[in-house]
Ligand code: AMP
């Protein structure tokens with residue numbers, strides 16, 4: 001595996017790989033790698049000649065009162081894990097390298113962002129599509145891998161690719177969980193021991209909501225209330241949102257029908273966690 005910090009070096013190597021007719025899989029991450037990231041990398045390994053992983057904590061997608069500074073980082077460990085997962089090129093630029101001067105162009109996502117984290121984190125997805133656009137140009141992937149744990153991100157990236165004609169395929173990968181159901185997340189390290197015991201109930205709450213829908217409850221509000229009740233009773237966290245929307249359009253539904261997403265964000269003392277379930281109802 002080679003580690004690259006400079007844009008010019010990356011474009012030069014990518015140029016060679018392209019010239020040789022090799023396919024490229026890209027896995028964008030913010031590092032502090034866990035089994036979720038590594039599952040994306042392994043899938044990319046299976047499906048492409050060359051695997052590029054980026055590790056970049058993108059300042060543009062963090063709000064002023066969010067955790068950009070304290071976001072966990074461990075580059076040494078990440079290098080080892082990425083190599084073991086079969087990554088060929090690890091691209092880890094500094095913010096100055098990605099954003100050397102103020103941009104003349106500002107991206108603004110106007111659909112699929114008025115709910116969920118898009119509503120709670122204004123500007124977040126503008127920052128995401130900006131960095132992902134740059135990474136797409138630099139890495140020129142045939143396939144790009146994103147986790148469905150961040151389902152709204154997958155919906156937005158699909159919109160980006162469709163709207164701006166990026167010649168690549170977006171692959172959404174199932175959420176990787178701990179045995180107890182807790183979705184793997186770099187931010188889980190900020191849970192206190194007690195919160196760690198309670199946090200698996202986030203997924204249990206989503207499953208309780210889905211179970212109600214699968215038993216035939218069509219009223220979205222009732223399913224949301226069931227989920228909220230479970231979260232309140234068992235997680236000890238403050239609820240940021242619980243929403244039930246169509247997927248991937250992310251529009252509110254009153255009557256559950258077709259493919260929907262039941263999604264939540266909750267706040268513990270030092271970490272805001274998100275999770276979701278996507279399911280289909282007749
Ligand atoms: P992050 O470093 O949190 O920006 O995540 C990088 C990529 O890994 C994103 O596409 C995430 O959706 C994905 N990812 C993060 N956690 C998980 C997980 N538990 N299961 C699957 N994919 C994940």
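Each reported figure results from applying straightforward, stated rules to the coordinates on display, with no laboratory input. Predicted model only: the values in this text are computed from it and were never measured. Backbone-built Cβ (ideal geometry, glycine too); neighbour counts: all protein chains shown.
To the nearest ten degrees, helix 75-84 and the longest principal axis of the Cα atoms of the chain are 90 degrees apart. Legend: translational diffusion of segment 186-281 by Stokes-Einstein, Rh = Kirkwood radius over C-alpha pairs, 37 °C, 0.692 mPa s; D = 245 µm²/s. Along its first, second and third principal axes, ordered by size, the chain spans 55, 40, 38 Å in Cα coordinates.
Looking at segment 15-146 from every direction and averaging, what is the projected area of its Cα convex hull in nm²?
9.0
The fewest-to-most ranking of 164, 198, 262, 206 by surrounding Cβ atoms within 10 Å reads 164, 198, 206, 262. Restricting attention to the chain, close to 50% of DSSP beta bridges with both partner residues there are antiparallel. Computed from Cα atoms, the angle from the helix 35-47 axis to the main principal axis of the chain rounds to 50 degrees. Footprinting exposure proxy ranking of 134, 18, fewest other C-beta atoms within 10 angstrom first, gives 18, 134.
DSSP beta bridges confined to segment 3-95 are antiparallel in about 0 percent of cases. Going from the fewest other Cβ atoms within 10 Å to the most, the residues 230, 37 appear in the order 230, 37. The C-alpha atoms of the chain define a longest principal axis, and helix 7-19 lies at about 80 degrees to it.
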